[in-house]
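Below is one structure; the comments refer to it alone.
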Amino acid sequence: MNNSMKFDLSLIFNKDALTALGEAYGWTIFITASALIIGILLGTMLAVCKVIPKTNAVAKVLDKIASTYVAIFRGTPLTVQLFIFSYIIFTGVILFNRRVTPYMIAAVGFGLNSAAYVSEIFRAGILSVDKGQMEAGRALGLSYGKTMKSIILPQAAKNIIPPLGNEAITLVKDTSVAYIIGVTEFFTAIKSIASSTYNVVTPYIFSAAVYFVTVLIMTICLSKLEKRLRRSDVR
């Protein structure tokens, strides 16, 4: 059998390979977590801008800005966005006396891209809450913001968690394209091992197993969170 087609775990379970893969996997998780945090924070603001009543010029402008943002980031490829961030926007940028690294750019790039999708998830979740809830909150004397924060968003969270979980899982897998701006994430490390050992079977099967286990753990955690949020639905 061709050596490139042999399954040999010794290619993975050795000190050098495990060290490289561990570091690369850490960067994959860092980029995913950072992007998800950015996506949720910015996505929430975008969603609110799109659902607030268009009763004045400011609300209308915010709606246009949010809609344009979502259209741009959903309408252009992620790889193109990463190139623009890396080679145009953040070229030579210094923060805290340090040059912005490709890993920071990847985290921000994935986060800004994710925000466009998260905003639509949040918008749909907010709109799924009965309009009477907002009216009841306002009738009690709460401001629009307090009603949204204390009444609408907690109820919307139950419908937001499943699609938000899908977005998080997608982010984990999408980090594999970060190599185009010089990021050594998990799949890049896997490809490096495959090319240096001339074996494609073992590294790629191992990477599939790692991604599967990672997604499985995320799925279990999200399922438990969803069940916890829905306990109030049980009568």
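The values are calculated or read from the model by the stated rules, or taken from the named source; none is laboratory data. As the structure is a prediction and not an experimental result, all values here were calculated from the model. Here the Cβ is made from the backbone with ideal geometry for all residues, glycine too, and neighbour counts use every protein chain on show.
For the stretch 148-164, does any single residue satisfy the condition of being touching an Asp or Glu at 6+ places or on another chain (Cβ under 6 Å) and touching a residue at least 60 places away in the same chain (Cβ under 8 Å)?
Scanning the stretch 148-164 turns up at least one residue that is touching an Asp or Glu at 6+ places or on another chain (Cβ under 6 Å) and touching a residue at least 60 places away in the same chain (Cβ under 8 Å).
Give the number of residues within the stretch 182-209 that are within 21 Å of Phe110 (Cβ to Cβ) and either under 18 Å from the mean Cα position of the chain (by Cα) or assigned to a loop (DSSP other than H, G, I, E, B) (or both).
So the count comes out to 6.
Testing Pro163 on (1) in a helix (DSSP H, G or I); (2) at pLDDT 85 or above; (3) buried (at least 18 other Cβ atoms within 10 Å of the Cβ), one condition comes back false. Which one is that?
(3)
Exactly one condition in (1) more than 21 Å from the chain's Cα centre (by Cα); (2) over 30 Å from Asp8 (Cβ atoms); (3) surrounded by fewer than 18 Cβ atoms within 10 Å (Cβ to Cβ) is false for Leu222; which is it?
(1)
Per-residue answers, yes or no, for (1) of a type in the set (Gly, Ala, Ser); (2) under 26 Å from Pro163 (Cβ atoms):
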residue: Ile40; (1), (2): no, yes
residue: Thr44; (1), (2): no, yes
residue: Cys49; (1), (2): no, yes
residue: Gly75; (1), (2): yes, yes
residue: Ile84; (1), (2): no, no
residue: Gly92; (1), (2): yes, no
residue: Met104; (1), (2): no, no
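If you take the residues in the stretch 119-145 that are among the hydroxyl-bearing types (Ser, Thr, Tyr) and over 28 Å from the mean Cα position of the chain (by Cα), which one is nearest to Ala71 (Cα to Cα)?
Filtering first and then ranking leaves Tyr144.
Check whether at least one residue in the stretch 7-25 is surrounded by fewer than 19 Cβ atoms within 10 Å (Cβ to Cβ), modelled with pLDDT under 95, part of a helix (DSSP H, G or I) and of a type in the set (S, T, N, Q), and report yes or no.
Yes - at least one qualifying residue is present in the stretch 7-25.
In the stretch 178-196, what residues are surrounded by fewer than 18 Cβ atoms within 10 Å (Cβ to Cβ) and either more than 15 Å from Ala24 (Cβ to Cβ) or of a type in the set (A, V, I, L, M) (or both)?
Ile180, the sole residue that qualifies.
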